[in-house]
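The values are calculated or read from the model by the stated rules, or taken from the named source; none is laboratory data. Values in this document were obtained by computation on a predicted structure and should not be read as measured data. A quick note on method: Cβ atoms are made from the backbone with ideal geometry, for glycine too, and the neighbour counts reach across all protein chains shown. Just so you know, the surface numbers come from the protein's heavy atoms only, side chains and all, with ligands and any DNA or RNA stripped out. Shrake-Rupley method; radii C 1.70, N 1.55, O 1.52, S 1.80 Å.
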Amino acid sequence: MKEKIDLLCSEIESKINSVSTKKELNDLKVEYLGKKGIITELQSGIKDASDKKEYGSEVNRARTTFNDNFDKKSAEIELEELNKKLESENIDISLPALDIPVGSPNILENIIEEVEEVFMSMGYDVVDGPEIEEDKYNFELLNIPKGHPARDAQDTFYIEDENILLRSQTSPVQAREMLKAGGDKPIRMICPGKTYRRDADDATHSHQFMQIEGLLVDKNISLSDLKGTFDVIAKKLFGENCETRFRPSYYQFTEPSVETDISCFVCKGKGCSLCKNTGWITVSGAGMVHPNVLKNCGYDPKVWSGFAFGFGAERLAMLKYGINDIRTFYQTDLRESKAFDRRDV
Ligand code: DAH
């Protein structure tokens, strides 16, 4: 019996040694330890053995030999597979990196972000309003009733009927914000967004453009608050030496109304083609919110007062970056946007 098991053990060792895959190894397990396996059959022969004790321990020796060799080989194969995998996934760090093209925000996005940062630092909220607007908000609540001649300059695109339009200005957001606040809370907001007019496109006109509206409502607000606020934003955008001035103007939703000018940063006030020899450049319309507008939007003009302003975003960007054709903003030319990208990329 002992010689028979010695022979079996060396057969097991050499067979296990000769395999190189998990499958082959498992096939051997079936061959020796499966239901009809060699060792299993030997085990069942115990009933006919003369010395059952010796027989049993010899069969166990064969089983242990199989299991020990099996475990050893199994670990070897696993290690080999892992090494192969690591080798095949090896990264060659000397290869040049893939060139992934990176985009850039539109120039208008840059200027709007810059203006937002200044106003947010003064406690303003940045809000949104609908581009498809009702006549009521775009005109009527802003003191521009149907048939008012001021509507001519703001002719726009109408949708379905004359009461639904593409907003011709961001000023309707003033009315929306006042109505939302309910007439008893101060408001400080700016609203950048797209606006539309029935204009033929050329170097300085576009049927779609962007404005940055601002509104402050509180108690005891005066024109000097507007002047101080305008001064801050002008200096932030155009430099500490930028001077500001107001000129009387007329808007239906402000009284008094002004045009806000900055000193010409090209000629420093001496006169040049940019400032049309005046030394000043107009950058926004503004004024004290008209009492009718406050009333229309639920604020008592005897208690509350406020100022409002509207910048043309394209105009600001054209001045700041020296761009002379408004169409530059809409052509999504990456060379242009990248040149004025404020992000650190
Ligand atoms: N909405 C005006 C326009 O499109 C600009 C404007 C002027 C806005 C005066 C204002 C303002 O808020 O007070 O021409």
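With the Cα gyration tensor of the stretch 1-45 giving a ≥ b ≥ c as the square roots of its eigenvalues, does the rule (a/c under 1.5 for rounded; else a/b larger than b/c for prolate; else oblate) give rounded, prolate or oblate? Judged from the Cα gyration tensor, the stretch 1-45 comes out oblate (a/c at least 1.5, b/c at or above a/b). For the stretch 153-226, the list of chymotrypsin sites (Phe, Trp or Tyr not before Pro) that fall in a loop by DSSP and count at most 15 other C-beta atoms within 10 angstrom reads PHE157.
Springs between alpha-carbon atoms under 10 Å, Gaussian network over the chain: tell me which of PHE253, PHE307, PHE70 tops the mean-square fluctuations. Maximum among the listed residues: PHE70. Heavy-atom accessible area, probed at 1.4 angstrom with all protein chains present, ranks THR260, THR64 as THR64, THR260, highest first. Ranking ILE132, VAL115, LEU98 by Cα position along the charge dipole of the stretch 86-143, where only Lys, Arg, Asp and Glu carry charges on their C-beta atoms, puts VAL115 farthest toward the positive end.
The C-alpha atoms of the stretch 133-284 occupy a region whose extents along the principal axes are 50, 42, 24 Å, arranged from largest to smallest.
Taking the Cβ of LYS194 as the center, what net charge do the other residues with Cβ under 13 Å away carry, scoring Lys and Arg +1 and Asp and Glu -1?
Net charge in that neighbourhood comes out at -4.
Can you tell me the relative contact order of the chain? Whole percent, Cα pairs under 8 Å, sequence separation 6 or more.
16 percent
Of ASN110, ASN277, ASN143, the residue with the greatest mean-square motion in the GNM of the chain, using alpha carbon springs below 10 Å, is ASN277.
At most 11 other C-beta atoms within 10 Å and a DSSP loop state: those are the exposed GluC sites (Glu not before Pro) I care about. Give me the longest piece of the chain that has none. Formally, the longest exposed-site-free interval is 241-345.
Once all protein chains are placed together, SER88 keeps about 90 Å² accessible to a 1.4 angstrom probe. Of the accessible area of the stretch 229-304, computed with a 1.4 Å probe over protein heavy atoms only, carbon and sulfur atoms account for 52 percent. Can you list residues from other chains, or at least 5 along the same chain, whose modelled amide H is less than 5 Å from the amide H of SER284? For SER284, whose amide H was placed from the backbone, the distant partners under 5 Å are THR260.
Sorted from greatest to least, the principal axis extents spanned by the alpha carbons of the stretch 2-88 come out as 57, 22, 15 Å. Residue-wise HN-Hα couplings along the stretch 291-307, as the Karplus relation 6.51 cos²θ - 1.76 cosθ + 1.60 with θ = phi - 60° gives them from phi, are x, 4, 5, 4, 4, 4, 9, x, 10, 7, x, 7, 9, 10, 9, x, 10 Hz; Gly and Pro carry x. In a reduced charge model with +1 at each Lys and Arg Cβ and -1 at each Asp and Glu Cβ, the chain shows a dipole moment near 640 debye about its Cα centre.
For the options ALA308, ALA317, ALA75, a Gaussian network treatment of the chain with springs between C-alpha atoms closer than 10 Å singles out ALA75 as fluctuating the most. Taking a sphere under 14 Å around the Cβ of ALA203 and counting the other residues whose Cβ falls inside, with K and R at +1 and D and E at -1, yields a net charge of -3.
The relative contact order of the stretch 2-88, computed from alpha carbon pairs under 8 Å that lie at least 6 residues apart in sequence, is 38 percent. The charge dipole of the stretch 2-88, taken about its Cα centre with unit charges on the Cβ of Lys, Arg, Asp and Glu (plus for the first two, minus for the last two), comes to roughly 320 debye.
Computed with a 1.4 Å probe on the full set of protein chains, the accessible area for LEU237 sits at about 10 Å². Using the charge dipole of the chain (Lys, Arg: +1 at Cβ; Asp, Glu: -1 at Cβ; taken about the Cα centre), state which of MET1, ASN69, SER249 has its Cα farthest towards the positive end. Highest projection toward the positive end goes to SER249. Kirkwood radius, the chain, all distinct C-alpha pairs, inverse of mean reciprocal distance: 26.7 Å. Summary: within the chain, the longest segment free of trypsin sites (Lys or Arg not before Pro) located in DSSP loops with at most 16 other C-beta atoms within 10 Å is 37-145. By the beta carbon rule, with partners counted only under 4.7 Å, the chain holds these lone Cys residues: CYS9, CYS191, CYS242, CYS297.
Each Lys or Arg adds one and each Asp or Glu subtracts one; over the other residues with Cβ under 15 Å from the Cβ of GLN174, this totals -2.
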